[in-house]
Structures are given as structure tokens and as C-alpha cells.
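Reviewing the structure listed below.
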Amino acid sequence: MGHSPCREASCQARTCDGHRVAQSRGGTIVSLQTELIQVQQWLQTARQQLAQHVPADEARIEAQLLLMHVLNVSRAWLIAHATDHIEPTQLSVVAHLLQRRLQGEPVAYLLGKREFFGLTLKVTTDTLIPRPDSETLVEAALQKICAGMRILDLGTGTGAIALAIAKHAPTCQVVAVDVSAPALAVAQENAHSLQLPHVQCLHSHWFDALPTSTFDLIVSNPPYIEHNDPHLQQGDLRFEPFSALASGEDGLTAIRQIISQSTAHLNLGGWLLLEHGYNQAQAVQQLLQAHGFTDVETRHDLGNQPRVTLGKRSAAEPV
């Protein structure tokens, strides 16, 4: 007695592009049928897939972000319209984004934007993805800033740090430099879209384009990961510009260069603030002190890791 087709098909599953997949007992796909999917159904399926790669809370947020991006709606809309069906063309687009995310591509690159210190910033593969840890650098800088100061951001990338400072210190003149022309173009676009015309973007390797310029405060989130750090081959870091991440065998090459050159570009009483790795605070403190900086201290990030070290130029650099 032969088996009927209905009995042979042991299970059915729905993919995130709206296909219903029927599998035989041997696991062979025997049919594909496209159908409409509700918002809540897509979110549940996407969340389950993402949860195999990231923590459950992140999976939920990432699924929402991808769908919000494609539908151009808010999170509140997703909740209010949970039983609405997703249009086939939109379903195809969001399914493609989900597959790219499942392959490890960062959400910020998929969306082309990232939130930072209350600002929405354009992000491309030419730029480092702004991270919450860097908000510690902005907060420390704002505590030292007075009206009318000249401020320099070295290695600006998307312009995240410079633009966040400029937004909260509108009377200050902010200069943002980067050695990457494509990254600088992104920073300029972000400055324009955020209506922050008092931010000047310059193409420069650290201080090279500023031979005689001086500032009251200098900030930088430079490359600070060791060249051979295995984390560079993991997670989002695999997709980000290597030159914006790694700096020498101990990760301190760029930081050494910035500290040694900054004394010629800081006014007396001016501050230098540097983001660094969680295990580099002591080394950065020693470098600052060796170049005559005083009032050296380290600030901790949201994860309570030492993340930002700062010092004041009080006198000429010791011989």
C-alpha cells in the first residue's frame, strides 16, 4: 500500500521571505509556496533565527530594527500593526537583510545608520561603527569644555564624537580630521544633515594638515587593538576598516603618536582625552605623564571598564 503525498510530508515551515517549505521525512524539500506573513509572525521567526547568533534581547531588537528600516515605521507601529501583512516586495528586501545579518554583517551597515549620543548618523563600510563606549569620551569632554573653545577630533570617522560635542557646545569651533577621504565624506554629510555648520572637516593624518593650529581640547578614539588580536576576526569587527581598529603590536602606536605630537597643538591648560582598550589605562596614563601632562585620570564606560584617559597640558614638555 503506497503512501499518500500528505502523509509523506512530515512537517512544514515558513521562511522569512514568505515561502512555505514542505519537507519529506528524508529532509528533501518537495514544495515551495509563497504566502503573506504578518508582522508579528515575521518578527518571531527572525528573532528565533537571530537568537542562534546573538543574545535573545539583541535578537529581538535587531529583528525589529530590520523590519522598521524596510517598512519605514517606528517600533510603536510594529506593535500597533502586529497582525498586518507585509507586502511581498518589502518581505523580499527584509529577508535579504536578515540573511546578511545571519552571515555576520553588522546591523549598522545593513541599515546605513547608527544612533549615538542622541544623534542619527550615517554609517558606511568606510567608517568605524560608533559604539556606546565612546559616549564616555563625549561626556568627559563636555565636562571640560567652556564656551568659545577650539576643539579637535582626531580620526573622526562618521564624525560621531565631533558632532555630539558640537551639538552640546554650539559656541565652540570644532575641527574634525581623518586620514580616510571616504570616511571624511561621511562625516561631512552627517554634519550637514544634523545642521552643524560650525564643524570643519579636514583630510589629515593626525596633525599633518594642522602644522601651526592650536586647540583648547583634543579628543580621539584612535585605533587601539593589537594587530594580532583574535577578536579582529570575530563578530562585527570582521567587517570594519582594519586601519580604524588596529595599531601596532601592542595597540598603542597611534596613541603614542598623538600624545607626543599633541603638546605642540594644545594651549596651556588644554586637555587631551583618549579612548583606549580596557587593559591600556595604565600605559596611557604613563605616556601622558611622561609628556608633561598633569591631572591625569581615567573614566569608566557603561560596562565599568577603564575606557577614557585624559590629562592637562600644564607646562612645556619635559626634556
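No lab work stands behind these numbers, since they all come straight from the coordinates. Predicted, not measured: the structure shown is a model, and the values here were computed from it. Cβ sites come from the backbone with ideal geometry, for glycine too, and all protein chains shown count toward neighbours.
What distance in nm separates the two pseudo spin-label positions at SER213 and GLN90, each 7 Å out from Cα along the beta-carbon direction?
According to this spin-label approximation, the distance is 4.4 nm.
Could you work out the mean projected area of the convex hull around the alpha carbons of the chain, in square nanometres to one decimal?
Directional mean of the projected Cα hull area for the chain stands at 19.7 nm².
What length, rounded to one decimal in nm, is gained on full extension from ALA76 through to ILE61, with 0.36 nm per residue of separation minus their alpha-carbon distance?
Full-extension gain reported as 4.1 nm.
Per residue of the range 44-50, in order, report the coupling 6.51 cos²θ - 1.76 cosθ + 1.60 (Karplus, θ = phi - 60°) as ³J(HN,Hα) in whole Hz, putting x for Gly and Pro.
5, 5, 5, 4, 5, 5, 5
Looking only at the range 129-313, where both bridge partners belong to it, what percent of the DSSP beta bridges are antiparallel (to the nearest 5)?
35
Indicate, rounded to the nearest 5 percent, the antiparallel portion of the DSSP beta bridges found entirely in the range 60-185.
In the range 60-185, approximately 45 percent of DSSP beta bridges are antiparallel ones.
Please report SER204, SER92 as a ranked list, fewest other C-beta atoms within 10 angstrom at the top and most at the bottom.
With the fewest neighbours first, SER204, SER92 line up as SER92, SER204.
Order the peptides 42-54, 70-82 from the highest to the lowest mean number of other Cβ atoms within 10 Å of their residues.
Averaged packing, sorted descending, gives the order 42-54, 70-82.
Pull up all non-local amide H partners of ILE218: gap of 5 or more, or a different chain, and H-to-H distance under 5 Å with H placed in the peptide plane.
So ILE218 has HN proximity to LEU152, TRP271, LEU272, LEU273.
Out of residues 5 or more away from LEU202 or on other chains, whose amide H comes under 5 Å of its own, with H placed 1.01 Å from N in the peptide plane?
Counting only residues 5 or more places away or on other chains, the set is ALA176, VAL177, ASP178.
Mind ordering 84-91, 276-283 by average Cβ neighbours within 10 Å, highest first?
276-283, 84-91
Let me check against my output: what whole-number percent is the relative contact order of the chain, with C-alpha pairs under 8 Å and at least 6 apart?
The value is 12 percent.
Using the Cβ atoms and a cut-off under 15 Å, what net charge is assigned to the surroundings of THR127, where Lys and Arg are +1 and Asp and Glu are -1?
Its environment carries a net charge of -4.
Using alpha carbon centroids, what distance separates the range 259-319 and the range 74-94, in Å?
The two parts, judged by their Cα centres, are 48 Å apart.
May I ask you to derive the relative contact order of the range 151-270, considering only C-alpha pairs under 8 Å and at least 6 residues apart, and to give it as an integer percent?
Here the relative contact order equals 26 percent.
Step through the residues of the range 225-234 one at a time and calculate ³J(HN,Hα) from phi using the Karplus curve (6.51 cos²θ - 1.76 cosθ + 1.60, θ = phi - 60°), rounding each to whole Hz and writing x for Gly and Pro.
Result, ordered by residue: 8, 5, 3, 9, 5, x, 5, 5, 9, 10 Hz.
In a Debye calculation with equal point scatterers on the alpha-carbon sites of the range 171-279 and no solvent, what is log10 I(q)/I(0) at q = 0.14, 0.16, 0.21, 0.22 Å⁻¹?
For the range 171-279 at q = 0.14, 0.16, 0.21, 0.22 Å⁻¹, log10 I(q)/I(0) is -0.65, -0.84, -1.24, -1.30.
Could you give each residue of the range 175-181 its phi-based ³J(HN,Hα) in whole Hz, using Karplus coefficients 6.51, -1.76, 1.60 with θ = phi - 60°, and x for Gly or Pro?
10, 10, 10, 7, 7, 8, 4
Please list, ordered by chain and number, the residues whose modelled amide H lies under 5 Å from the amide H of ALA246; skip anything fewer than 5 residues away on the same chain.
ILE225
Classify the range 79-179 from the C-alpha gyration tensor, please: rounded if a/c falls under 1.5, else prolate or oblate depending on whether a/b exceeds b/c.
prolate
Within the range 259-275, what residues put their amide N at less than 15 Å from the label point 7 Å along the Cα-to-Cβ vector of GLN289?
No residue passes the distance filter.
Out of all DSSP beta bridges with both ends in the chain, state the antiparallel percent to the nearest 5.
In the chain, approximately 55 percent of DSSP beta bridges are antiparallel ones.
Once the Cα atoms of the range 129-313 are picked out, what are the Rg and Dmax in Å?
15.2, 43
Which pairs break 24 Å Cα to Cα here: LYS122/LYS312; LYS113/LYS167; LYS113/LYS144?
The pairs that break the limit, which is 24 Å between Cα atoms, are LYS122/LYS312; LYS113/LYS144.
Using mean Cβ contacts within 10 Å as the protection proxy, how do 93-100, 268-275 order, highest first?
My ranking of the peptides, most packed first, is 268-275, 93-100.
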